[in-house]
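The values are calculated or read from the model by the stated rules, or taken from the named source; none is laboratory data. Everything quoted here is computed from the prediction, not taken from an experiment. A quick note on method: Cβ atoms are made from the backbone with ideal geometry, for glycine too, and the neighbour counts reach across all protein chains shown. Heavy atoms of the whole protein, side chains included, go into the accessibility calculation; ligands, DNA and RNA do not. Shrake-Rupley method; radii C 1.70, N 1.55, O 1.52, S 1.80 Å.
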Amino acid sequence: MAQPFRLSRGGRIDRTRPVRFTFNGRTVDGFHGDSVASALLANGIHLVGRSFKYHRPRGILSHGSDEPSALLSVDRGPGRVDPNNRASVVEVRDGLATHSQNHWPSLEHDVGAINDLLSPVFVAGFYYKTFMWPKKFWDQVYEPVIRAAAGLGKAPSVPDPDRYANRHAHCDVLVVGAGPAGLAAALAAARTGRRVILADEGPEPGGTLLHDTSAEIDGRPAAQWLEAALVELDSRENVILLSRTTAFGYYNHNHVALAERITDHLPNPGTAPRERLWQVRAGKVVLATGAHERPLVFADNDRPGILLAESVRVFLNRYGVAPGRRIVFATSGVSAYAAALDARAAGLAVTLVDLRSEDECGPELASLRAAGIEVLTGHTVIGAKGAKRVTGLVVAPVDRAGRCGAHHLIPCDCVGMSGGWTPAVHLFSQSRGKLDYNAAIDAFVPGTSVQGERSAGAAKGTYDLAACLTEGDAAGAAAAGSAERRRFTASPTPTGFRPVRAMPTDADPTKVRAFVDFQNDVTAKDIGLAVREGFRSIEHVKRYTTTGMATDQGKTSNMNALGLVAGQLDTTLPSVGTTTFRPPYTPVTFGTLVGPARHALFDPIRTTPIHAWAEARGAAFENVALWRRAWYFPKPGESMHDAVARECKAVREGVGIFDASTLGKIEVVGPDAAEFMNRLYINPWLKLEVGRCRYGLMLKEDGYILDDGVVARVAPDRFHVTTTTGGAARVLAHMEDYLQTEWPDLRVFLTSTTEQWAVIAVQGPKARAVISALVEGIDLSPAAFPHMAMRTGTICGVPTRLFRVSFTGELGFEINVPSDHALAVWEAVHAAGEPFGITPYGTETMHVLRAEKGYIIVGQETDGTVTPDDVGLSGMIAKAKKDFVGKRSLARPDVVAPGRKQLVGLVTDDPALVLDEGAQLVADPDQPIPMRMLGHVTSSYGSANCGRSIALALVADGRARLGGHLHATTPEGFARVTVVDPVFLDPTGERIHA
Amino acid sequence: MLLIACPHCGNRPETEFRCGGQAHIARPADPAALSDAQWAEHLFVRANPRGVHAERWCHAHGCGRWFNALRDTVSDRFLETYPTGAQPTQTSDARA
Amino acid sequence: MRRFSLSSLLSESLKGHRGWGRQWRDPQPKPAYDVVIVGGGGHGLATAYYLATVHGITNVAVVEKGWIGGGNTGRNTTIIRSNYLYDESAALYEHALKLWEGLSQELNYNVMFSQRGVLMLAHTLHDVQSFKRHIYANRLNGIDNEWLTKEQCKDFCPPLEIAGSLRYPVLGGALQRRAGTARHDAVAWGYARGANARGVDIIQNCAVTGIRRDAAGAAIGVETTRGFIKAGRIGVVAAGHTSTVMAMADLRMPLESYPLQALVSEPVKPVFPCVVMSNAVHAYISQSDKGELVIGAGTDQYTSYSQQGGLHITTHTLDAICELFPQFTRMRMLRSWGGIVDVTPDRSPIIGKTPVNNLFVNCGWGTGGFKATPGSGHVFAHTLATGEPHPINAPFTLDRFRTGRLIDEAAAAAVAH
């Protein structure tokens, strides 16, 4: 397709590099350097979408990231489809497929446009007033219809083939925005040698200099100055210049987040990441983020072909595109004059309508008229003509009281409107700086700073080019700690405007559809309704009307909405309030924020030295905290149930081997180590002999069980503490906290040794026989090495701390060896055990075996509300100890009150029935709901060794109920159970002492 | 993300730290001597000032040491950090 | 109060909607009220509404330092459910859920309560045990909750990834079908409009600066930026600012205020049919009627009144979202914000009397208060009207921290609210 609206020359596009893409399946030609918006306009395409609520035809309003209307779904290949892209910021490239959104069956003929006819009903907040009858229709009828009508584009439906990167960076000065002020700031900061990052959201740095073709700086064309500035910045190693990079979030302590778009504009992204999140910690920040132009609010101001005036200028000068051939500029300020002049210079027919009276307008008018532009001063815009494209503008003279004269139609195919400027104070506001209202420029500008930032240029309400440069230079120099200042000369920038909230009109205000928020279809009428209904703060008005809540976050609409509210209440803007800006400045993909943190990088996976061996043996694994633990070792064809039954029998009848390396380990060392242990655990430690072990239980200060584990005294001043797998870090932190902050006088060091010691548990009647040939320097005989003892020696030539401990109730050893040697020792033990039928077992069997013995697992029998007495372990409390962590809480009234839940065993009437863990227990299954629940099942297994199912439970006054019956919930109803002692096997503990 | 000056390591990002809540609450020397109400006060009642707060931080993924800080809970600005056991040079608004 | 109905809407449509009056008045504070409620969020407004409708007490003022519904009411992810473990919590939240079920009609204000179902995902064997404990307990309490296999989870929520390759694969889930979401702002406005119509004064831009007490120590009124207001009883419902208000009566509270963040995506066509929560990986997500994915993040680790948290909290939540819904990496975060949540040591609320006569408090809702709004207001109104707690809020005393009778749902299940 030819580009009928491409100007014959000018613009920064590369005419030697044609680009071809599609819009709704139709081929569109453009040039390298075009945005989708500029290429569409070059081809005379203005209708690009349908609005959110009324499905009104919409076109391109802006050239930048403030675009509210022209939202496209962009297809960059399989899996690379995403909705709601602003046509003005998507760069064209070959093969791109773009689609308009929110219409059916087509953009041109959209059935949803019926909503536009119903607009008298569909006003702000109408949905709060209806859809309530009949009641059940909300879920079934109304809401599904509303939902289907809402939303813009379609969410991606397949996984994303792109990857995303993350980078942390530090700099002395971060400059946001590479327009004139930002460039001057970056240059000034860079010349001091400080580390500078300059980020700009556009594909090319330069800001307004890219389209302000008539400007001069220091006596030469601005474009030349820009080029020299970029060359200098590029040559400096202390400068990182990032284009296509949006500073979207300003967080605490000068933590600024940037989103860099790396591959979307490339025909072939290769292996590069699509986008990168920069998390910059900046010494100082310079905000040179520019300003946004305000639309004018008049009837049907949303018609395709109606653009912001400055955007018309950008399309003309930067892209070499005429958005129309007969352009009317409607303005209340002087900045649109430059656009009108440039349009005229491009050979277009131009009319300019200024709301201001002739004498308000100033001397610039003469230059317009001299250029052959028809000028109407003191005129308001009554409305626009045309539906899918503007065909004319109705204007009328208006006096200062707002009285309109005779209407007059100006035929046109494009309108450039300007209602003045709004500084982009978003990042300043995010930094928690306080905004001040500056009446002279009718804008909120940065006031009191909270963080180390300064604003410069249009972001601060300074619009004159020389002033922007001077201010930017000063900000950059000051941020870099330099006292040097430069002054700039530049061609003057006319900037005055008269604030106007809605263009004066003589039409019936209830009939006028003058849009304030284009994307969310909020009209001036809606804002009026909200105020009449009592919504008076801007936050209320926003929420009630949804103005400013669309994907552009109100960049073009907020000030008009504020002004309309203030006008209706006859008050000032600041008293209506301004919204607090929140991140992000423009929408940021989840992918950028997530970066590579997926799957294995979502959370670290910890594995033991034995992991590969277990994998090779076909083990099934479970996640326990960050660890992957072998769950069971199925033989070919075996179910989990079969495998666990076999493993359980093997341990009780022969010998099993278990990888307990995930146990937390802490070395507690120092002259006061025993005293420290004494204060932290409920047990006594002072008299524990060297070489002996003790099962320890620790509480939080609130009296509830925190963790447990076997502790060995390695030397008078040294304890080898073990913790639960999940509790290791928590326990160390708990210990460090008390040691450092409560008892700094204690001479103790704590070291995590979880990763240093691997633990191989060899359990079962034949355990001693298996390891005896491998161990040197330790007498393994029962008399010399009793249960709950620890010896040091070597195994397979490797130093070991050998524990005789058991979590199975059998004779057992836990072989602690340095992790580097663990696999070799494991393999040697396994080989030595093969004649004895040694059986590797996993965590499931470990759970069953300990449950058969009634041993608790912290986190399973306990849940953060359980005391030692609840689980029958109050006997461990050292009576002689005056205090330990948590002791006082055990004496609180409701902790000593009767009726607490206590650990018991349960057996079902049907020995084959394995209760659900979590099943609730009641005394009377026939009572009405709500039922009185007496407790719940904490552990439940089929026990091959007991020949039946067994369960542990916490039951109110459970120890008084032994022998009694309760009823447990099952998926099929209640099952009767008998309350029994929680020790199901070997209650006298003979086997463990074998 | 806060930038926190560990007294031992200097400025580090917040993700290296663990916040331990209100500072300068000494564990009672003889908890058994306290009434239930006094013990509950020790366990649960915390200053929650809208203003300067004295709080504990641990440089968990750094030197591992606990220290104290004065931070304004409205601006999140740190006034100072200081070692455990020391007193701040400024005062907190610990009434609430 | 002009009733909302289809016919009133249509007739107004023909008249340019010029006939709608204010939804609530903007009165000057009177010198005295029977009850003054401090805090114009959903809970405070609901309290006023039920004082008027259930107890006939209409000489009531709600004083709000900013704009009604501007705090956590308008800053949460609107999840409503009642499948709590303990009898005390279950009764409270189920009471609220039952009120939610008729709330639009009760208020004549469409609060868009949508019973889309809340699906809580289990990722570890420990989760499975915990969820089953909840499900069984809920059912015996008459609260719906059911176990879904991972395939059933996928059927219920098609975007969900249930592949075993996930870092924490989905093992199943607990589904409460009656649970869902509502339009948060409408709840505040609806209660305000209803209370206003019955004579309650809603006084915005009126900050409480002091609590005046008589010689015996009893509270007799509030000092405000708009003058002293005498009160028979005072109910403080100030969420994150409760500690500050209670300090005016020399009361120290077991509360800490933390920033809690949330975010929404750009709006898209319907893609997410329910609410999904995963406590294990910290993901809370639904899709609003407008089409935005609404995502709840966690609290920061430090107390703050800044309504702003760290970026790492947001990214951590999105990590989990994209782990469970990998196709959403190309979606965009549109808006993020923070609230200030007041958290008690057991993460359950405090609703009832204080040691100061005539001063009552309703606070400590932490991250889960929105879902309780109607129930909280209803029982607190009872407490303010009668001077004694309703049976449902009787367990939620300040005194439980002394006696040790905590209601610690999170400790019991590692479940965030």
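Structure notes:
- Within region A:841-861, considering residues that are among the β-branched types (Val, Ile, Thr) and under 25 Å from residue A:826 (Cβ atoms), the one most open to solvent (accessible area, probe 1.4 Å): A:857
- Residues satisfying the stated conditions in region A:572-606, i.e. modelled with pLDDT of 95 or more and of a type in the set (Ser, Thr, Tyr): A:585, A:586, A:589, A:592
- Members of region A:643-672 that are touching a Lys or Arg at 6+ places or on another chain (Cβ under 9 Å), among the hydrophobic types (A, V, I, L, M, F, W, C) and open to solvent by less than 10 Å² (accessible area, probe 1.4 Å): A:643, A:655, A:668
- Residue that is farthest from the other protein chains (Cβ to nearest Cβ) [pool: residues in region B:1-16 that are open to solvent by less than 40 Å² (accessible area, probe 1.4 Å) and out of contact with any His (no Cβ under 6 Å at 6 or more places or on another chain)]: B:10
- Residue that is farthest from residue C:123 (Cα to Cα), among those in region A:610-666 that are assigned to a strand (DSSP E or B) and among the small types (Gly, Ala, Ser): A:656
- Single residue of region C:160-175 satisfying the filter (open to solvent by 10 Å² or more (accessible area, probe 1.4 Å) and touching a residue at least 12 places away in the same chain (Cβ under 8 Å)) that is nearest to the other protein chains (Cβ to nearest Cβ): C:168
- Failed item, numbered, when residue A:916 is tested on (1) assigned to a loop (DSSP other than H, G, I, E, B); (2) outside the structural domain of residue A:962 (by TED's automatic domain parsing); (3) crowded, with 21+ Cβ neighbours inside 10 Å: (2)
- Test for residue A:143: is it open to solvent by 30 Å² or more (accessible area, probe 1.4 Å), acidic (Asp, Glu) and farther than 30 Å from residue A:253 by Cβ: no
- You will find that of A:551, A:580, the residue that is open to solvent by less than 10 Å² (accessible area, probe 1.4 Å), β-branched (Val, Ile, Thr) and part of a loop (DSSP other than H, G, I, E, B) is A:551 and no other.
- Within region C:283-310, if we keep just the residues that are aliphatic (A, V, I, L, M) and modelled with pLDDT of 95 or more, the residue that is nearest to residue B:54 (Cα to Cα) turns out to be C:295.
- Test: residue in region C:303-311 that is under 20 Å from residue C:368 (Cβ atoms) and over 22 Å from the mean Cα position of the chain (by Cα): no
- Residues in region C:17-27 that are free of Cβ contacts under 8 Å to residues at least 24 places away in the same chain and open to solvent by less than 20 Å² (accessible area, probe 1.4 Å): C:17, C:20.
- So residue A:379, is it under 30 Å from residue B:77 (Cα atoms) and surrounded by 21 or more Cβ atoms within 10 Å (Cβ to Cβ): no
- Boolean, residue B:21 is more than 8 Å from chain A (Cβ to nearest Cβ), free of Cβ contacts under 8 Å to residues at least 12 places away in the same chain and open to solvent by less than 40 Å² (accessible area, probe 1.4 Å): no
- Residue in region C:130-140 that is part of a loop (DSSP other than H, G, I, E, B) and either open to solvent by 10 Å² or more (accessible area, probe 1.4 Å) or under 25 Å from residue A:932 (Cα atoms) (or both) present: no
- The set of residues in region A:795-817 being touching a residue at least 40 places away in the same chain (Cβ under 8 Å), in a loop (DSSP other than H, G, I, E, B) and open to solvent by 10 Å² or more (accessible area, probe 1.4 Å) consists of A:806, A:807.
- Search result, residues across region A:505-518 that are in contact with a strand residue (DSSP E or B) (Cβ under 8 Å, 6 or more places away or on another chain), modelled with pLDDT of 95 or more and open to solvent by less than 30 Å² (accessible area, probe 1.4 Å): A:514, A:515, A:516, A:518
Okay, residues lined up against (1) farther than 17 Å from residue A:698 by Cα; (2) over 43 Å from the mean Cα position of the chain (by Cα):
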site: A:888; (1), (2): no, no
site: A:916; (1), (2): yes, no
site: A:920; (1), (2): yes, no
site: A:928; (1), (2): yes, yes
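- Whichever residue in region C:105-129 is under 18 Å from residue A:127 (Cβ atoms) and open to solvent by less than 10 Å² (accessible area, probe 1.4 Å) and, among such residues, is farthest from the chain's Cα centre (by Cα): C:108
- The residue pairs whose first member lies in region C:394-405 and is at positive phi, whose second member is open to solvent by less than 40 Å² (accessible area, probe 1.4 Å) and not in a helix (DSSP H, G or I), and whose beta carbons are closer than 9 Å, counting only pairs six or more residues apart or on different chains, are C:404/A:702; C:404/A:703; C:404/A:892; C:404/A:897.
- Residues (free of Cβ contacts under 8 Å to residues at least 60 places away in the same chain and of a type in the set (S, T, N, Q)) located in region C:176-218: C:209
- Selection of region A:68-115 for residues being crowded, with 19+ Cβ neighbours inside 10 Å and among the hydrophobic types (A, V, I, L, M, F, W, C) yields A:70, A:71, A:72, A:74, A:81, A:87, A:89, A:90, A:92, A:96, A:107.
- Subset of region A:57-76 (residues that are assigned to a loop (DSSP other than H, G, I, E, B) and in contact (Cβ under 8 Å) with a residue 60 or more places away in the chain): A:59, A:60, A:61, A:62, A:63, A:64, A:65, A:66, A:67, A:68, A:69, A:76
- Selection status of residue C:95, in contact (Cβ under 8 Å) with a residue 60 or more places away in the chain, open to solvent by 10 Å² or more (accessible area, probe 1.4 Å) and within 30 Å of residue A:631 (Cβ to Cβ): no
- Residue A:985 being closer than 26 Å to residue A:809 by Cβ, within 42 Å of the chain's Cα centre (by Cα) and surrounded by 15 or more Cβ atoms within 10 Å (Cβ to Cβ): no
- Strands (runs of 3 or more DSSP E) enclosed by region C:307-403 - at least 3 residues per element that are within 14 Å of chain A (Cβ to nearest Cβ) and either open to solvent by less than 10 Å² (accessible area, probe 1.4 Å) or under 23 Å from residue B:44 (Cα atoms) (or both): C:332-343
- Some residue of region A:931-942 being more than 12 Å from chain C (Cβ to nearest Cβ) and part of a loop (DSSP other than H, G, I, E, B): no
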